[in-house]
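Notes follow once the structure below has been shown.
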Amino acid sequence: MKSGKVLRVMVAVVLMSICGSALAIAQEPEFVWRMQVIHSVGQSDFKQNQQTAEEIYKASNGRLKIEVHPTGTFAGSLEAFQACSAGVFEMHSSWPAYIKGIEYAFLPLCTGNMTPDAHDIWVWLYEAGGWDLYQKAFDKVNLKMLAVEVWGTEVLMANRPFAGVFEMKGTKMRTSDPRLLARLGISGIALPLEEVFTGLATGSVDSAEFGHLAYNEGLGLTDITKYGIWPDFWNVHNTTTVVVNKDAWNKLPQDLQMIVELAFKAREFQHWSKSQYESAVLMKKLRDSGKMEFLRLDSADFAKMRQAMYEIEQEDIKKYGGLTKEVYESKYRFMELWYPYKYMSRWWGWDVSPEEQLGYTPQGK
């Protein structure tokens, strides 16, 4: 009898817990936030933010509801960080380079020509002070940073088969960072997301970079071009950030703050892995169908291009000083330490072909 009574008590406790959770989620949220992302509804990045918002809603027992909205809902892409800072909406995810006019350090923080790869960026962010420098910049615009999404390798979309960088001399290229292009004799034109397709389709630009291959498909760029060209030297592993208005953030209880922060950080790496896998699947599909050809630029001039970019960075330091100088110097210290180790410890397959990496020749090759 005694054990039966204990069992009934335990069942009652579990049922009360379940009912309590159900009631908590059934009630009106204590906090409702609007989040505008730079992506459109059909892109995986948009769906990923929606999924994170749904998980936060469940983990908070319905106390915090985040409504995810596509680009342009409340503000244009070039004004959205400022709108979030002013409280027009509570959360935003986009490229911080869009607000370099407010703080120039956002440019070297999140992008650059001839800069480190994704692996390097993560190490710098989490081990060598990069995260703190990002937040120092966002402090100037009343925003709290929750996550940094390192983007997969960008691809250049074109209708001409450029084999080397200097073959692009005299052409017009859509980019968000035209600094090095000017020295290469290429006209860099900084069209915002909303104008990239039209610019390429009408011939206003001869080529365009925007994102990884799968993202560019979502923008329609793979429908109007014949060539996809790597490697990315223009916006090397650009980053988007997830931020929240500090006034809204400070109103959240500590437990909800922790749930939100952990949820968005948990998706940082998946943002990269999903983009890369989707791009690999799409490249095979486009290549097998004969719709697009994929090329790789000759690397003979890359060392000289990096030297030229270093000179540009020194000019930035001299012109802007302050946080811009601090960011560049932090990256230099990191690269001086990291690159020798990275090169010495590089993966065994770095210098061999895909077939040699496999150890066999795939069927149909």
**OP:** Measure nothing fancy, just the Cα-based angle from helix 193-202's long axis to the longest principal axis of the chain, in degrees from 0 to 90, nearest 10.
**Re:** 40 degrees
**OP:** Between TYR310 and LEU78, take the C-beta separation as r, use R0 = 35 Å, and let me know the FRET efficiency to the nearest 0.05.
**Re:** 0.75
**OP:** Evaluate E = 1/(1 + (r/R0)^6) for LYS47 and ARG160, where r is the Cβ-Cβ distance and R0 equals 35 Å; express this FRET efficiency to the nearest 0.05.
**Re:** 0.55
Original post:
Which translational diffusion coefficient, to the nearest whole µm²/s, is obtained for region 246-365 from the Stokes-Einstein equation, given a Kirkwood hydrodynamic radius over C-alpha pairs, 20 °C and 1.002 mPa s?
Top reply: 107 µm²/s
**OP:** Search the structure for amide H atoms under 5 Å from the amide H of ARG34, placed 1.01 Å from N in the peptide plane, and list their residues when 5 or more places away or on another chain.
**Re:** GLU67, GLU90, MET91
Subject >> 3J(HN,Hα) from dihedral phi, region 45-61, Karplus parametrisation 6.51/-1.76/1.60, rounded to Hz, x for glycine, proline >> reply: 5, 5, 5, 5, 5, 4, 4, 4, 4, 5, 5, 5, 4, 5, 5, 8, 6
Original post:
Using the alpha-carbon atoms, what tilt in degrees (0 to 90, nearest 10) does helix 118-127 show relative to the longest principal axis of the chain?
Top reply: 50 degrees
Subject >> Residue of LEU180, LEU64, LEU286 that the Gaussian network model of the chain assigns the largest fluctuation, springs spanning Cα pairs under 10 Å >> reply: LEU286
Original post:
Which value does Rg/Rh take for region 24-110 over its C-alpha atoms, Rh per Kirkwood?
Top reply: 1.04
Original post:
What is the local net charge at ILE224, summed over the other residues whose Cβ is closer than 15 Å to its Cβ (Lys, Arg +1; Asp, Glu -1)?
Top reply: -2
Original post:
For a paramagnetic label modelled at 7 Å from the Cα of GLU293 toward its Cβ, which residues of region 205-229 fall within the zone defined by backbone nitrogen distances under 16 Å?
Top reply: 225-229
Original post:
For helix 2-26, what angle does its Cα long axis make with the longest principal axis of the chain, in degrees from 0 to 90 and rounded to 10?
Top reply: 50 degrees
**OP:** Please list the non-local residues whose amide H lies under 5 Å from the amide H of GLY112, H modeled 1.01 Å from N, same-chain partners needing a gap of 5 or more.
**Re:** VAL236
Original post:
Roughly speaking, what is the stretch gain from LYS285 to TYR360, that is 0.36 nm per residue apart minus the C-alpha to C-alpha distance, in nm to one decimal?
Top reply: 24.8 nm
Subject >> Selected from ASP120, ASP232, ASP351 as most flexible by GNM, with the chain as the system and alpha-carbon contacts under 10 Å >> reply: ASP351
**OP:** Give, rounded to the nearest 20 debye, the magnitude of the charge dipole that the chain has about its Cα centre when Lys and Arg contribute +1 at Cβ and Asp and Glu contribute -1 at Cβ.
**Re:** 700 debye
Original post:
Which of ALA263, GLY364, PRO96 sits closest to the plus end of the dipole of the chain, meaning its Cα is farthest towards the positive end, when Lys and Arg get +1 and Asp and Glu get -1 on the C-beta?
Top reply: ALA263
Subject >> For GLU194, net neighbour charge (Lys/Arg +1, Asp/Glu -1) across residues whose Cβ lies under 13 Å away >> reply: -1
Original post:
Roughly what percent of Cα-Cα pairs across region 222-275 reach past 13 Å?
Top reply: 74 percent
Subject >> Amide hydrogen neighbours beyond the local backbone of ILE186, cut-off 5 Å, H modeled >> reply: GLY170
Original post:
How large is the charge dipole for region 232-305, taken about the Cα centre, if only the Cβ atoms of Lys, Arg (+1) and Asp, Glu (-1) carry charge, to the nearest 20 debye?
Top reply: 180 debye
Original post:
FRET efficiency for VAL32 and GLU55, Cβ-Cβ distance as r, R0 = 25 Å, nearest 0.05?
Top reply: 0.95
**OP:** Select from TRP124, PRO253, PHE334 the residue farthest towards the positive end of the dipole of the chain; place +1 on Cβ of Lys and Arg, -1 on Cβ of Asp and Glu, and compute about the Cα centre.
**Re:** PRO253
**OP:** Using θ = phi - 60° and the Karplus relation 6.51 cos²θ - 1.76 cosθ + 1.60, list the HN-Hα couplings for region 317-325 in order, rounded to whole Hz, with x at every Gly or Pro.
**Re:** 4, 5, 6, 9, x, x, 5, 4, 4
Subject >> Backbone HN-Hα couplings from phi across region 207-217 [Karplus 6.51/-1.76/1.60, Hz, Gly and Pro as x] >> reply: 8, 8, 10, 9, x, 5, 4, 5, 5, 5, 4
**OP:** Sketch the reach of a paramagnetic label on GLU67 as a point 7 Å from Cα along Cα-to-Cβ, and name the residues of region 90-107 whose backbone nitrogen lies under 16 Å away.
**Re:** 90-92
Original post:
Expressed in nm to one decimal, what extension gain is obtained for the pair LYS140 and SER40 from 0.36 nm per residue of sequence separation less their Cα-Cα distance?
Top reply: 33.2 nm
Subject >> Global geometry of region 69-173, whether rounded, prolate or oblate, following the gyration tensor of its Cα atoms and the 1.5 cut on a/c >> reply: oblate
**OP:** Run down the lysines and flag those whose C-alpha is under 28 Å from the C-alpha of LYS319, throwing out any fewer than 8 positions away in its chain.
**Re:** LYS100, LYS136, LYS140, LYS144, LYS169, LYS172, LYS304, LYS331
Original post:
Going from most exposed to least, what order do GLU79, GLU336 have by accessible area with a 1.4 Å probe?
Top reply: GLU336, GLU79
Original post:
Name the chymotrypsin sites (Phe, Trp or Tyr not before Pro) in region 304-365 that are in a loop by DSSP and that have at most 14 other C-beta atoms within 10 Å, would you?
Top reply: TRP347, TRP348, TRP350, TYR360
Original post:
Taking the inverse of the average 1/r across all pairs of different Cα atoms in region 60-117, what Kirkwood radius in Å do you get?
Top reply: 13.2 Å
Original post:
Measuring with a 1.4 Å probe in the full set of protein chains, what accessible area per residue, in whole Å², belongs to region 164-212?
Top reply: 38 Å²
Subject >> Furthest towards positive pole of dipole, PRO192, LEU146, GLY220, structure part region 146-221, Cβ charges >> reply: PRO192
Original post:
Of GLY152, GLY164, GLY228, which has the largest mean-square fluctuation in a 10 Å C-alpha GNM of the chain?
Top reply: GLY164
Subject >> Reported label for calculated Cα Rg over 2.2 N^0.38 Å given (i) 1.13; (ii) 0.98; (iii) 2.51 >> reply: (i)
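The values are calculated or read from the model by the stated rules, or taken from the named source; none is laboratory data. Here the structure is a predicted model, which is why all the values come from computation and not from measurement. Cβ sites come from the backbone with ideal geometry, for glycine too, and all protein chains shown count toward neighbours. Ligands, DNA and RNA are excluded from the accessible area calculation, which covers all protein heavy atoms including side chains. Shrake-Rupley method; radii C 1.70, N 1.55, O 1.52, S 1.80 Å.
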